[in-house]
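To keep things clear, I will list the structure first and then write my remarks on it.
The values are calculated or read from the model by the stated rules, or taken from the named source; none is laboratory data. Note that the coordinates shown come from a computational prediction; the quantities given were computed from them, not determined experimentally. No Cβ is skipped: glycine too gets one built from the backbone with ideal geometry, and neighbour counts run over all protein chains shown.
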Ligand SMILES: *Cc1c(COP(=O)(O)O)cnc(C)c1O
């Protein structure tokens with residue numbers, strides 16, 4: 001073994017010892033809700049394809065047409081020759097959906113956050129981020145060189161304290177949060193955050209990866225109460241409920257124009273393939289036409305939490321926190337034996353001691369799927385025995 005191999009092997013050994021090594025498992029989607037993994041056919045309950053649009057025949061046909069018309073790849077950065085005509089159409093649609101002036105589409109959600117944050121703030125500035133913000137918001141924060149602090153999850157008074165203590169020493173201040181928290185499924189208090197940001201002359205940015213398509217009639221977490229909350233930076237991904245791939249930012253005209261000329265992950269990375277952009281456009285047609293369809297994933301999640309006496313689901317994501325990584329892996333294995341695919345989520349994706357089953361619901365799940373999963377999960381819900389004794 002070379003020194004390099006020894007280094008890698010030692011790292012892997014340490015992860016194995018703590019049940020924290022991650023492995024890729026080949027997973028083949030068979031239809032909207034079933035996949036095969038390790039030779040088994042399972043009902044999938046951990047995909048982010050909340051509206052099953054990655055498998056939708058209309059979406060697939062639109063993608064195929066775009067590939068025929070424009071080719072397989074975009075060939076270059078959007079600033080060179082990669083800006084095929086579908087981009088402008090998609091950006092206009094997203095801006096309309098989010099009620100923003102304009103929009104810019106990136107190669108992925110991760111790339112979007114790595115590009116947006118350092119374009120807007122630098123070493124003289126301040127970033128205050130929710131402690132459970134997605135990894136790529138925190139990566140963008142690091143890349144920006146701004147002074148940064150985490151506020152306790154959804155804790156407005158902690159954020160207020162940090163603003164009072166630090167805001168005045170910095171030129172600009174950016175507040176970052178997920179709109180829907182990816183591993184917990186709860187919502188950020190977007191209206192209150194917007195008020196606090198405005199009061200301290202700070203800019204609010206929400207990452208709505210898990211909100212677009214499924215909350216607020218498909219418009220996302222700024223629209224859950226009906227009227228739009230004024231969030232100046234609405235970021236999100238096209239890779240979850242939209243069923244395709246790519247990231248976006250919806251914002252004012254000057255902000256979008258600045259991002260287009262300065263964001264390094266937009267400038268120095270190849271534009272998305274035409275078929276991918278066409279698929280997002282087709283998905284938005286379906287989403288805008290049918291608010292009932294958009295509400296289905298949350299309705300299914302709610303039915304599940306009702307069945308198990310868990311706090312009512314606010315999004316399509318329901319965590320069952322087990323705590324120990326090895327026990328969580330065993331629970332995931334047990335669910336696979338019962339016919340359900342729910343992967344175990346372990347640190348560092350979630351805080352130490354909070355390994356969990358992250359269960360997600362999609363429009364295509366049947367009532368029988370949901371009821372069957374609830375029965376299979378019941379034994380893994382902490383304190384479920386105690387709860388049952390109490391209600392008996
Ligand atoms: C998935 C996710 C991203 C990354 O988006 P991709 O398009 O998959 O790169 C960003 N933020 C949040 C909150 C996410 O859940």
* Asked: Is at least one residue of region 100-110 within 16 Å of the ligand (Cβ to nearest atom), surrounded by fewer than 20 Cβ atoms within 10 Å (Cβ to Cβ) and either more than 16 Å from residue 166 (Cα to Cα) or at pLDDT 95 or above (or both)?
  -> yes
* For residues in region 175-189 being buried (at least 24 other Cβ atoms within 10 Å of the Cβ) and outside any loop (DSSP other than H, G, I, E, B), which is farthest from the ligand (Cβ to nearest atom)? -> 175
* Structure fact -> Of (1) touching a helix residue (DSSP H, G or I) at 6+ places or on another chain (Cβ under 6 Å); (2) within 16 Å of the ligand (Cβ to nearest atom), residue 294 satisfies every one except (2)
* **Any hit, region 240-252, residues being more than 28 Å from residue 58 (Cβ to Cβ) and within 13 Å of the ligand (Cβ to nearest atom)** => no
* Structure fact -> Being within 15 Å of the ligand (Cβ to nearest atom) and surrounded by fewer than 18 Cβ atoms within 10 Å (Cβ to Cβ) narrows 166, 172, 210, 153 down to just 153
* Is there a residue in region 337-359 that is touching a strand residue (DSSP E or B) at 6+ places or on another chain (Cβ under 8 Å) and part of a helix (DSSP H, G or I)? -> no
* To do: Kindly establish whether residue 250 is touching a residue at least 12 places away in the same chain (Cβ under 8 Å), crowded, with 20+ Cβ neighbours inside 10 Å and within 20 Å of residue 121 (Cα to Cα).
  => yes
* Asked: Can you name the condition, by its number, that residue 239 falls short on among (1) surrounded by fewer than 22 Cβ atoms within 10 Å (Cβ to Cβ); (2) in contact (Cβ under 8 Å) with a residue 12 or more places away in the chain; (3) within 22 Å of residue 159 (Cα to Cα)?
  -> (3)
* Check 106, 45, 87 and return the single one that is over 30 Å from residue 329 (Cα atoms), touching a residue at least 40 places away in the same chain (Cβ under 8 Å) and under 20 Å from the mean Cα position of the chain (by Cα). => 106
* To do: Looking only at region 211-241, count how many residues are within 11 Å of the chain's Cα centre (by Cα), part of a loop (DSSP other than H, G, I, E, B) and closer than 24 Å to residue 275 by Cβ.
  => 5
* Please work out which one of (1) touching a helix residue (DSSP H, G or I) at 6+ places or on another chain (Cβ under 9 Å); (2) surrounded by 19 or more Cβ atoms within 10 Å (Cβ to Cβ); (3) assigned to a loop (DSSP other than H, G, I, E, B) is the condition residue 123 fails and give its number. => (2)
* **Residue among 100, 17, 8 that alone is over 20 Å from residue 271 (Cα atoms) and touching a strand residue (DSSP E or B) at 6+ places or on another chain (Cβ under 6 Å)** => 100
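Out of everything in region 332-347 that is within 21 Å of residue 186 (Cβ to Cβ) and in contact (Cβ under 8 Å) with a residue 24 or more places away in the chain, what residue ends up being surrounded by the most Cβ atoms within 10 Å (Cβ to Cβ)? First the steps, then the outcome.
Let us first name the residues in region 332-347 that are within 21 Å of residue 186 (Cβ to Cβ), namely 342-347.
Within this subset, residues satisfying the condition of being in contact (Cβ under 8 Å) with a residue 24 or more places away in the chain are 342-343, 345-347.
Working: 342: 26, 343: 21, 345: 21, 346: 21, 347: 14.
Filtering first and then ranking leaves 342.
Filter region 131-150 down to the residues that are assigned to a helix (DSSP H, G or I) and crowded, with 17+ Cβ neighbours inside 10 Å, then identify the one that is nearest to the ligand (Cβ to nearest atom). Can you show your working first?
To start, the set of residues in region 131-150 that are assigned to a helix (DSSP H, G or I) comprises 135-144.
When the remaining residues are screened for being crowded, with 17+ Cβ neighbours inside 10 Å, the result is 136-138, 140-141, 144.
Numbers: 136: 5, 137: 7, 138: 10, 140: 10, 141: 13, 144: 16 Å.
Residue satisfying both the conditions and the ranking: 136.
Please verify whether region 190-209 includes one or more residues that are part of a strand (DSSP E or B), touching a residue at least 12 places away in the same chain (Cβ under 8 Å), in contact with a helix residue (DSSP H, G or I) (Cβ under 7 Å, 6 or more places away or on another chain) and over 16 Å from residue 113 (Cβ atoms). Before the answer, list the steps.
Filtering region 190-209 down to residues part of a strand (DSSP E or B) leaves 203-207.
Remaining after also requiring touching a residue at least 12 places away in the same chain (Cβ under 8 Å): 203-207.
If we keep only those that are in contact with a helix residue (DSSP H, G or I) (Cβ under 7 Å, 6 or more places away or on another chain) as well, we get 203-204, 206-207.
Cutting the leftovers down to over 16 Å from residue 113 (Cβ atoms) gives us none.
Checked against the condition, which is being part of a strand (DSSP E or B), touching a residue at least 12 places away in the same chain (Cβ under 8 Å), in contact with a helix residue (DSSP H, G or I) (Cβ under 7 Å, 6 or more places away or on another chain) and over 16 Å from residue 113 (Cβ atoms), region 190-209 yields no hits at all.
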